[in-house]
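Encoded as C-alpha cells, the structure appears first; notes follow it.
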Amino acid sequence: MTIDWKALANNYRDAYLDDLKSLIEIESVRDDEHATDEYPLGEGPTKAMERFLAMGDRDGFKTVKLDNTVGYIEYGEGDKTLAIQSHADVMPAGDGWKTDPFELTIKDNKVFGRGTSDDKGPGLAAYYGLKMLKDQKIEPKLKIRLIIGTDEESDWTGMKHYFEVEPQPTFGFSPDAEFPLINGEKGNGTYEIKFGNQNGEEFVLKTFDSGLRTNMVPGKAVAFVETDDNEAFVEKFTDFLDNNPVAGEIEATDEGVKVLVTGKQAHAMEPKNGINAGTYLANFLNQFDFEKDAKAFLNLAGDVLHDDSRAHKIRANYTDDIMGDVTMNVGILKFDQANGGMINTNFRYPKGSSDEIILEALKKVANNVTELSHMVPHYVEKDDPIVSTLLGVYERQTGEKNVEPEVVGGGTYARLMDRGVAFGALFPGVEDTMHQANEFQPIDDLIKAMSIYGESIYELSK
C-alpha cells in the first residue's frame, strides 16, 4: 500500500488543533492536596487522561481506564504488543508567561501553552498517527496500545501501575522527547537533604522558598530576612544583581526584608539551560553572618551546590563516552523557623557512575540525606530493529541521511520497556521550552510528527 503520509497528516490539521485546545485547557498538574479515590493525583491529570480516552471512544477505538491513574487506546489484535507511551499531566506553569498557560494560543504558526511540547502536543500527534491507520482501514498484525499516564512529571504512579497489572509490551516508543531518536537515557536519582530550624541573632533567615519540582530548574526564589542594617543589606543586593545573571527586588515588610530573585526555568535534564534562582539567592545570603542550621542551609545551597551542574564540587562528576556527563539540578529549596529546611536535588547519571556514588558524595557534604527515588540507566542497542525502523522512517520523511540515535539526561516512559525508545516530537534546531515559561511547539512540526508517527506505527505493525 502506498500512502502519502504527509498529505494525509495535513488533512487532520484543523481537527488536531481543536483536540489539542481541549487538552491544554485542562490544568493537569498533580495536586495531592485535593486527591480523592476518583482523582488519586488530583482532578486535572485524570480529567486530561479521560479526555484522551474520550477521543478514542469518539473515533471507534477500544478504550480502557485502570484505577483512574492510567488508560489506553487499543487497535488491533495479536500476541505481540506495540506500545506508544505518552502522558497527560504537565508541570506547574510557574511565572513569566506572556499568554495564559492553560489556554491554547496560536501565534506565528506556533501553539503556546503548558503541554504543547511536553507532552500533550506530541502525544496527540501520535494518537492521530494511529487514527490515520484506522481511518485508512489498515489492519495491524499485532496489538497497538497508546498508553496515557497521569504522573510522568513526578513519580510515574499511573504507568508503573500499568506495568504491574498488564504484560510488558513487546516493544514501543514514547513521543516525549526529540527526533531523530533516543535509545539511551541516563540514570535518574532524587535526594532530599534536611536541616534543623536554628538561627543566629545578628541575621535571621525567617523563610526561604524556591522551586516547584525536583526535575525543574527554579525560576523564582523568595526569602524573608531580619538584619540590623537594612541599608547595607540593600546596597549589597544591588551590587549582587549588577554582577550576576539574575533579576531581583528587595523591600522592607512587617515580616522582615523580602528578597526576590528571578532566574530562568528549564528542564532538569540540562540545568545549564536555566538559571537557578534558588541557589543564586542562597549565594547572595551566604555572604552574611547567618548561624547554625540557617547557615548550613545557605552554605550548601549557595556555595557547595551553586552553579555546578556537573557536580564537580562534591566530586560526583563523571563522563561516559556514549552517555555523557553526570548532571545535577537543585530543584527545591525551603527553610522556615518552625520546620527547618530542605534541599531536593535531582541527578542524571551515565553508566559508569551509580546511585551509590552520588549518595555517598552527598553524605560527605551534608547530614540527613535521604534517597527519594532512583532509576538505573536505560539503553537499547543501535542494531535493534525498532531503532533501525524508526530511524528509517525519519530519514525518508525528512530527507536527512545517516542520522544517529542519541543518549539524553531526560527520563521517559520508554525506559520501562526492555525495547523502548523515545521518538520525537522536538525536531533538531527547534528551541526546547519544556518545563519553561511560554512553552510552545511549531504547528508544522507537530503535523510533520503526526506523519512520521503514522508511518512508523504502520511499519512496526506490518
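Of all residues in segment 435-460, those that are free of Cβ contacts under 8 Å to residues at least 40 places away in the same chain have Cβ atoms under 8 Å from Cβ atoms of residues that are small (Gly, Ala, Ser) and assigned to a strand (DSSP E or B), 6 or more apart or on another chain, in Asp445/Ala425.
Among the residues of segment 62-94, the ones that are assigned to a strand (DSSP E or B), of a type outside the set (Ser, Thr, Tyr) and under 19 Å from Met450 (Cβ atoms) come to 6 in all.
For beta carbons closer than 9 Å, sequence separation of 6+ or different chains, a first residue in segment 23-40 that is in contact (Cβ under 8 Å) with a residue 24 or more places away in the chain and more than 20 Å from Ala54 (Cα to Cα) and a second that is surrounded by fewer than 22 Cβ atoms within 10 Å (Cβ to Cβ) and among the β-branched types (Val, Ile, Thr), the qualifying pairs are Arg30/Thr157.
Of the residues making up segment 431-462, those that are assigned to a loop (DSSP other than H, G, I, E, B) and within 24 Å of Val380 (Cβ to Cβ) number 4. Among residues of segment 292-317 that are free of Cβ contacts under 8 Å to residues at least 24 places away in the same chain, those with a Cβ under 9 angstrom from a residue that is surrounded by fewer than 22 Cβ atoms within 10 Å (Cβ to Cβ) and aromatic (Phe, Trp, Tyr), sequence gap 6+ or separate chain, pair up as Arg310/Tyr318. Name every residue in segment 155-170 that is of a type in the set (Phe, Trp, Tyr) and assigned to a loop (DSSP other than H, G, I, E, B), in order of residue number. Passing the criteria: only Trp156. In segment 352-395, of all residues being of a type in the set (Lys, Arg) and in contact (Cβ under 8 Å) with a residue 40 or more places away in the chain, the one that is nearest to Asp418 (Cα to Cα) corresponds to Lys382. The set of residues from segment 315-347 being small (Gly, Ala, Ser) and either modelled with pLDDT of 95 or more or assigned to a loop (DSSP other than H, G, I, E, B) (or both) comprises Ala316, Gly331, Ala338, Gly340, Gly341. Here Pro167, Pro180, Pro218 are screened, and the one residue that is at pLDDT 95 or above, crowded, with 24+ Cβ neighbours inside 10 Å and on the phi < 0 side of the Ramachandran plot is Pro218. The set of residues in segment 122-154 that are assigned to a helix (DSSP H, G or I), within 14 Å of Ile84 (Cα to Cα) and touching a strand residue (DSSP E or B) at 6+ places or on another chain (Cβ under 7 Å) comprises Pro122, Gly123, Ala125, Ala126, Tyr127, Leu130. Given the criteria charged (D, E, K, R), loosely packed, with under 15 Cβ neighbours inside 10 Å, modelled with pLDDT of 95 or more and in a strand (DSSP E or B), does Glu371 qualify? In short, yes.
The values are calculated or read from the model by the stated rules, or taken from the named source; none is laboratory data. Here the structure is a predicted model, which is why all the values come from computation and not from measurement. Neighbour counts are summed over all protein chains in view; Cβ atoms, including those assigned to glycine, are modelled from backbone coordinates with ideal geometry.
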